[in-house]
Amino acid sequence: LSPEEFRRLGHRMVDWIADYWARVESFPVRAAVAPGEVAAKLPAHAPEEGLEGAEGWEAIFRDLEDVVLPGLTHWQSPSFFAYFPSNTSGPAVLGELLSAGLGVQGMLWSTSPAATEMETRVLDWLAGLLGLPAAFQSGSGTGGGVIQGTASEAVLVALVAARERARRALGREAEWVAYTSTQTHSSVLKAAMLAGVANGAQDGVHLRQIDTDGGYALRPDLLEKAVREDLAAGRQPFFVCASLGTTSSGAMDPVRAVGEVWERTGVRASGGWLHVDAAWAGSALLCPEYAALREGLEVADSFAFNPHKWLLTNFDCDAFYTRDRKALIDALSVTPEYLRNAASASGAVIDYRDWQVPLGRRFRALKLWFVLRHYGARGLRTYVREHIRLAERFAAWVEEDARFELAVPRSLSLVCFRLEPRPGEAPGDTDTRNRLLLERLNASGQAFLSHTVLPGVDGAPARYVLRLAIGAVRTEERHVRAVWERLVALAGE
Ligand code: PLP
């Protein structure tokens with residue numbers, strides 16, 4: 001494409017996206033295609049001949065309508081309430097476009113100083129807004145923030161840094177043990193698998209999942225028991241991951257109490273690492289009324305949250321902070337001759353390649369920079385508060401209707417609820433009715449919710465529950481009311 005043709009097509013594509021956002025509400029939220037249906041519309045082989053200039057792009061724009069749109073689940077729909085939100089916004093998309101257009105690769109400071117220094121500064125801004133400990137900011141000289149692709153990469157990086165730090169502290173190999181709760185996100189288990197930390201009591205290294213309390217938060221007393229057992233058996237605890245906002249039910253693990261276990265058992269003194277996964281809930285820290293969620297972060301070694309979930313920034317963007325950047329570098333730095341340069345050798349710059357798994361990296365700070373500048377802290381707080389307010393409304397409607405119940409108290413903008421058991425009804429039958437309710441709602445296309453199963457507490461059976469996660473950029477009260485009215489109507493059926 002010539003620059004002029006790019007300009008014309010680019011304007012048209014931006015128009016297309018703006019139109020998509022304007023009409024996103026009109027589509028069924030969940031994709032209604034069968035497996036293979038999208039693929040069947042695509043040629044089996046790549047084209048031999050390219051398109052003739054900009055005119056040929058007519059076919060591509062047609063395919064967006066005919067092939068792509070019908071195969072989408074509309075995450076940007078105001079009636080998307082499934083999983084956790086995956087935000088995008090005008091400022092973020094413009095930042096992403098600019099990043100692609102500049103096409104710089106910021107693996108080293110020297111390969112594009114602006115990419116590194118702006119990332120450092122924007123993450124410091126964000127740390128300030130969230131009220132994270134000063135040790136997580138670059139000014140500390142020993143800590144700082146970095147954009148990882150995902151919370152999954154963040155926990156993997158934390159885990160391998162932790163093991164390397166513990167190995168150096170101990171001065172030898174050991175039978176390493178990591179801990180997290182039974183409600184933790186699957187990414188922690190995947191990180192453990194990737195790092196060769198087995199789930200269960202196998203040889204070498206272990207991941208132990210600790211039971212939760214009635215609110216599905218990690219029980220520090222059981223963590224302490226497990227740590228002491230492992231120490232007594234000659235195994236070496238080195239890593240614990242606490243969650244702020246578990247995926248199933250939004251539970252908040254007691255970070256401070258976890259840190260105290262680390263302290264009391266001597267694990268901290270031997271280099272043990274405490275990671276906090278706040279992938280979704282982290283955005284709430286912007287609001288002073290949720291300052292309690294910060295409790296204990298001063299003893300955490302790392303903290304991660306996803307602006308790509310609930311902070312108006314399109315995927316991928318995970319903000320990862322550590323107080324010990326040296327530990328990352330010790331674990332992740334490999335320097336072949338072709339990457340050597342004077343700036344790195346001087347020690348005066350950050351090379352973010354040493355803080356992550358891949359070598360290469362995009363200029364992702366641009367989209368975050370645009371989002372923070374466009375909305376400002378006040379705009380972001382208003383945004384988060386409105387979703388929480390809507391979730392409060394929904395939770396109140398659930399509580400007022402005798403046919404429904406909250407499965408757990410609302411957590412920020414997440415409501416877990418279900419049809420209440422009928423007198424004498426077998427638990428499996430209540431689950432079936434709830435499954436049916438969810439399937440009918442989602443099949444209607446009007447809204448999209450997802451589900452989870454919460455384990456039983458104190459001998460009670462496990463429960464199938466519906467999750468309403470509010471956080472799409474265009475969600476208003478009328479959308480939340482509409483999904484509630486549809487649920488009520490379906491319950492009546
Ligand atoms: N941690 C929690 C608590 C999550 O809810 C999620 C995703 O929903 C993740 C981690 C994984 O996020 P990512 O897709 O950024 O790896």
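Read-outs throughout are calculated quantities, based only on the coordinates presented, and are distinct from any laboratory measurement. Quick caveat, the model's predicted, so the values are computed rather than measured. Cβ: placed from backbone, ideal geometry, glycine included. Neighbour counts: every protein chain shown.
Overview of results
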{"item": "Proximal lysines relative to residue 190, as straight alpha-carbon distance under 25 Å, when same-chain residues fewer than 8 apart are discounted", "result": "225, 309, 326"}
{"item": "Inter-label distance, nm, simple model (7 Å from Cα along the C-beta direction), residue 337/residue 52", "result": "5.2"}
{"item": "Order of 386, 4, 119 - criterion: other Cβ atoms within 10 Å of each residue's Cβ, fewest first", "result": "4, 386, 119"}
{"item": "Ratio of the Cα radius of gyration of the stretch 3-72 to 2.2 N^0.38 Å, where N counts its residues", "result": "1.30"}
{"item": "Helix-derived mean residue ellipticity, 222 nm - over the chain, DSSP H n ≥ 4, -39500 (n - 2.57), to 500", "result": "-13000 deg cm²/dmol"}
{"item": "Chain lengthening between residue 478 and residue 386 when straightened (0.36 nm per residue, less Cα-Cα)", "result": "31.8 nm"}
{"item": "Full-stretch length increase - residue 194, residue 399 - with 0.36 nm per residue and alpha-carbon distance subtracted", "result": "69.5 nm"}
{"item": "Residue 168 versus residue 429: modelled label distance in nm, points set 7 Å from Cα along the beta carbon direction", "result": "6.2"}
{"item": "Pair-distance profile P(r), taking every C-alpha pair of the stretch 81-184, with 5 angstrom steps and integer %", "result": "2, 8, 11, 18, 19, 17, 11, 8, 4, 1, 0"}
{"item": "Net lengthening on full extension, residue 488/residue 105 (0.36 nm per residue, minus Cα-Cα)", "result": "132.7 nm"}
{"item": "Ratio Rg/Rh [Cα only; Rh per Kirkwood] for the stretch 99-372", "result": "0.96"}
{"item": "Electrostatic dipole magnitude of the stretch 206-278 [Cβ: Lys, Arg +1; Asp, Glu -1; Cα centre; debye, to 20]", "result": "180"}
{"item": "Quarter of Cα convex hull surface for the stretch 321-368, i.e. mean projection, nm²", "result": "4.2"}
{"item": "Simple spin-label estimate for residue 453 and residue 94 in nanometres, 7 Å along Cα-Cβ", "result": "4.8"}
{"item": "More than 15 angstrom apart: percent of Cα pairs within the stretch 96-137", "result": "52"}
{"item": "Geometric extent, Cα atoms of the stretch 250-303 - Rg, Dmax (angstrom)", "result": "11.9, 35"}
{"item": "Isotropic mean projected area of the C-alpha convex hull, the chain (nm²)", "result": "26.5"}
